[in-house]
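The values are calculated or read from the model by the stated rules, or taken from the named source; none is laboratory data. The structure displayed is predicted, hence computed values, not measured ones. Heads up, the Cβs are rebuilt from the backbone with ideal geometry, glycines too, and the neighbour counts pull from every protein chain shown.
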Amino acid sequence: DVFGVSSASEIMSDGTSDDSVFDESCTGLLLDVPRSRYSIGIFNGDGIPSFSLGETAGEWASKSFERPSLLIGSSGMTADGEQLTKGILSKFSNPIPIFGGLAGDDLQLRETLVFSGKDSTTHGVICLAFDSDYITVQGVAASGWQPIGAPKRITKSEGNIVYEIDGVPVIDAYERYLGGMNNQTTNSALAASNYPLQLIRPEGYSVLRAGLVVDTERNAIIYGGTVPEGSTVRFSTPPGTTIIKAAQQAMESFHNHQPNADALVLFSCKGRHNALGPGIEDEIEYFQKLWDVPLAGYCSYGEIGYNEEGYCDYYNNTCVLVTLKEHKSE
């Protein structure tokens, strides 16, 4: 059986090489799990709202095991990761472990793919459900970016398209507060990816929203996730070693809580890779050495998982590290 996605780069680390991020390659993690202890489902979401697609996947997962844990991969160009996550969780009265990432296509921004050994779709989601009575699945989302400046309000937006911040056109706001966008043009990687918005949730925690495209015709910025009109945001610090150190500290705390693992799965945002450059490999190798077990994953277009505050959400410019630990023999 196969749980697979197309990616924006591939990740693999076992402690024997200085390289951990690869391009135009294929990485895999082989797991020896009894067939009765896992299930794989792939669901086509063509023409279906992301929340409804999540409901379908969640309903399937709820019937797979009494206590399921989920790894998910979703199409990266057509799915709303936030609504997909909410749809899955809506089928459970209590929170379940759920972690994953949106598929990539090497920043071509054309088409992404999720696939099993029998099927594939460019408009859907693949789910790997584990029986939590056999395998413990735990994880944490960490970004390392810190907020700067005063909180600001999104005064005009539609979904993931932002037009105004505090009544100022969004591109002008970046130029005013962050010194411009380096003459980036439509459909190019932009400075907003390096200075993601911190979207503050009502519960008090924040999630990152990275800029993907400057739409000069509409004088807007398209982000990697929903930025609701009326929401509160802050700009973030520029990329650098402090971001890597903060993420490492978050993983150290997670390791103290969950020191044992048989394998690690990493969903790391491609925007994070672009912003941190070669430093991303130092980050990945640090994670692997904490547990000293094989690590595999991919650079994604969005990440799903639980943060340090215990909330499950959808993120940009974030790394989500998952531990897999067998705890009952057969």
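The residues on offer are 42, 96, 72, and the sole one that is in contact (Cβ under 8 Å) with a residue 60 or more places away in the chain, of a type outside the set (Gly, Ala, Ser) and touching a Leu at 6+ places or on another chain (Cβ under 8 Å) is 72.
Can you tell me which residues in the range 40-67 are in contact with an Asp or Glu (Cβ under 7 Å, 6 or more places away or on another chain) and in a strand (DSSP E or B)?
40, 42, listed by residue number.
Which one is nearest to residue 42 (Cα to Cα), of the residues in the range 119-170 that are hydroxyl-bearing (Ser, Thr, Tyr) and not in a strand (DSSP E or B)? Write out each step before concluding.
At the first step, the residues of the range 119-170 found to be hydroxyl-bearing (Ser, Thr, Tyr) are 120-122, 132, 134, 136, 143, 155, 157, 163.
With not in a strand (DSSP E or B) added as a condition, the list becomes 122, 132, 134, 143.
Numbers: 122: 11, 132: 20, 134: 22, 143: 29 Å.
Among those residues, the one meeting the criterion is 122.
Starting from residues that are under 19 Å from the mean Cα position of the chain (by Cα) and crowded, with 18+ Cβ neighbours inside 10 Å, keep the ones in the range 234-247 and report whichever is nearest to residue 146 (Cα to Cα). That would be 236.
Would you check if residue 1 is touching a Gly at 6+ places or on another chain (Cβ under 6 Å), at pLDDT below 95 and surrounded by fewer than 22 Cβ atoms within 10 Å (Cβ to Cβ)? Walk me through it before giving the result.
Details: touching a Gly at 6+ places or on another chain (Cβ under 6 Å): yes; at pLDDT below 95: yes; surrounded by fewer than 22 Cβ atoms within 10 Å (Cβ to Cβ): yes.
The answer is yes for residue 1.
Only one of the listed residues (268, 253) is touching a residue at least 24 places away in the same chain (Cβ under 8 Å), over 17 Å from residue 29 (Cα atoms) and hydroxyl-bearing (Ser, Thr, Tyr). That residue is 253. Go through (1) surrounded by fewer than 19 Cβ atoms within 10 Å (Cβ to Cβ); (2) within 15 Å of the chain's Cα centre (by Cα); (3) within 20 Å of residue 211 (Cβ to Cβ) one by one and return the number of the condition residue 101 breaks. With respect to (1) surrounded by fewer than 19 Cβ atoms within 10 Å (Cβ to Cβ); (2) within 15 Å of the chain's Cα centre (by Cα); (3) within 20 Å of residue 211 (Cβ to Cβ), residue 101 is out only on (1). Among residues of the range 1-29 that are in the same structural domain as residue 109 (by TED's automatic domain parsing) and part of a strand (DSSP E or B), those with a Cβ under 6 angstrom from a residue that is surrounded by fewer than 19 Cβ atoms within 10 Å (Cβ to Cβ) and among the hydroxyl-bearing types (Ser, Thr, Tyr), sequence gap 6+ or separate chain, pair up as 10/25; 10/27; 12/27. Of the residues making up the range 249-271, those that are of a type outside the set (A, V, I, L, M) and crowded, with 19+ Cβ neighbours inside 10 Å are 254, 267, 268, 269, 270, 271. For the range 79-97, the criterion of being of a type in the set (D, E, K, R) and buried (at least 19 other Cβ atoms within 10 Å of the Cβ) is met by at least one residue. Of everything in the range 284-330 that's in a strand (DSSP E or B) and among the polar types (S, T, N, Q), which residue is farthest from the chain's Cα centre (by Cα)? Step by step, filter the range 284-330, then rank; the result is 323. Exactly one residue among 305, 279 is buried (at least 16 other Cβ atoms within 10 Å of the Cβ) and over 23 Å from residue 68 (Cα atoms), and that residue is 279.
When we screen 256, 260, 183 for residues that are modelled with pLDDT of 85 or more and assigned to a loop (DSSP other than H, G, I, E, B), the only hit is 260.
Select, from 10, 55, the only residue that is of a type in the set (Asp, Glu), touching a Lys or Arg at 6+ places or on another chain (Cβ under 7 Å) and at pLDDT 95 or above. Working first, answer last.
Working: 10 fails: touching a Lys or Arg at 6+ places or on another chain (Cβ under 7 Å).
One residue alone meets the criteria, 55.
From the list 81, 87, exactly one residue is within 21 Å of residue 320 (Cβ to Cβ), in the same structural domain as residue 107 (by TED's automatic domain parsing) and in contact (Cβ under 8 Å) with a residue 40 or more places away in the chain. Which is it? Being within 21 Å of residue 320 (Cβ to Cβ), in the same structural domain as residue 107 (by TED's automatic domain parsing) and in contact (Cβ under 8 Å) with a residue 40 or more places away in the chain holds for just one of 81, 87, which is 81.
With respect to (1) at positive phi; (2) in contact with an Asp or Glu (Cβ under 7 Å, 6 or more places away or on another chain), the lone exception for residue 277 is condition (2).
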